[in-house]
1. Check whether at least one residue in the stretch 13-30 is loosely packed, with under 15 Cβ neighbours inside 10 Å and either at positive phi or touching a strand residue (DSSP E or B) at 6+ places or on another chain (Cβ under 7 Å) (or both), and report yes or no.
2. In the stretch 96-129, which residues are out of contact with any helix residue (DSSP H, G or I) (no Cβ under 9 Å at 6 or more places or on another chain) and over 15 Å from residue 70 (Cβ atoms)?
3. Check whether at least one residue in the stretch 31-40 is out of contact with any helix residue (DSSP H, G or I) (no Cβ under 9 Å at 6 or more places or on another chain), at negative phi and surrounded by 13 or more Cβ atoms within 10 Å (Cβ to Cβ), and report yes or no.
4. Condition check: surrounded by 13 or more Cβ atoms within 10 Å (Cβ to Cβ), touching a residue at least 24 places away in the same chain (Cβ under 8 Å), farther than 19 Å from residue 136 by Cβ and out of contact with any helix residue (DSSP H, G or I) (no Cβ under 8 Å at 6 or more places or on another chain). Does residue 54 satisfy that?
5. For residue 90, are the conditions met, namely being at pLDDT 95 or above, crowded, with 19+ Cβ neighbours inside 10 Å and touching a helix residue (DSSP H, G or I) at 6+ places or on another chain (Cβ under 7 Å)?
């Protein structure tokens, strides 16, 4: 099994807030991340594809095609946006790093899996919210 990873970055703002809970609960639970005036991150995303190289190309996936998929489904909708308000597929989602990587995986899975060599597939999405805070969604390892 070979793992191929494409890294990209985007900047976005968000607010961690559960509308089903009280303002006090949200402040205590999310702290500064519950700021009603939002806060931002310089996100780094890593998308990993796993499989065997195509015998004709040597590729698990054409990295140019993977770059385009990430750009279309993640960077264009999210870069320099408010994740709570401006990204339709994130409406109603608490935009924690954990939730974001799962949703990003779901957004790109079909296109990635159509593009890869035979027997390869989207393996994981890892999202760096900061240099020290990272979440990864990898459904095959659960």
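1. Among the residues of the stretch 13-30, not one is loosely packed, with under 15 Cβ neighbours inside 10 Å and either at positive phi or touching a strand residue (DSSP E or B) at 6+ places or on another chain (Cβ under 7 Å) (or both), which makes the answer no.
2. Result: 97, 98, 117, 118, 119.
3. Scanning the stretch 31-40, I find at least one residue that is out of contact with any helix residue (DSSP H, G or I) (no Cβ under 9 Å at 6 or more places or on another chain), at negative phi and surrounded by 13 or more Cβ atoms within 10 Å (Cβ to Cβ), so the answer is yes.
4. Yes, satisfied.
5. yes
The values are calculated or read from the model by the stated rules, or taken from the named source; none is laboratory data. Remember, it's a predicted structure, so these values are computed and weren't measured experimentally. Heads up, the Cβs are rebuilt from the backbone with ideal geometry, glycines too, and the neighbour counts pull from every protein chain shown.
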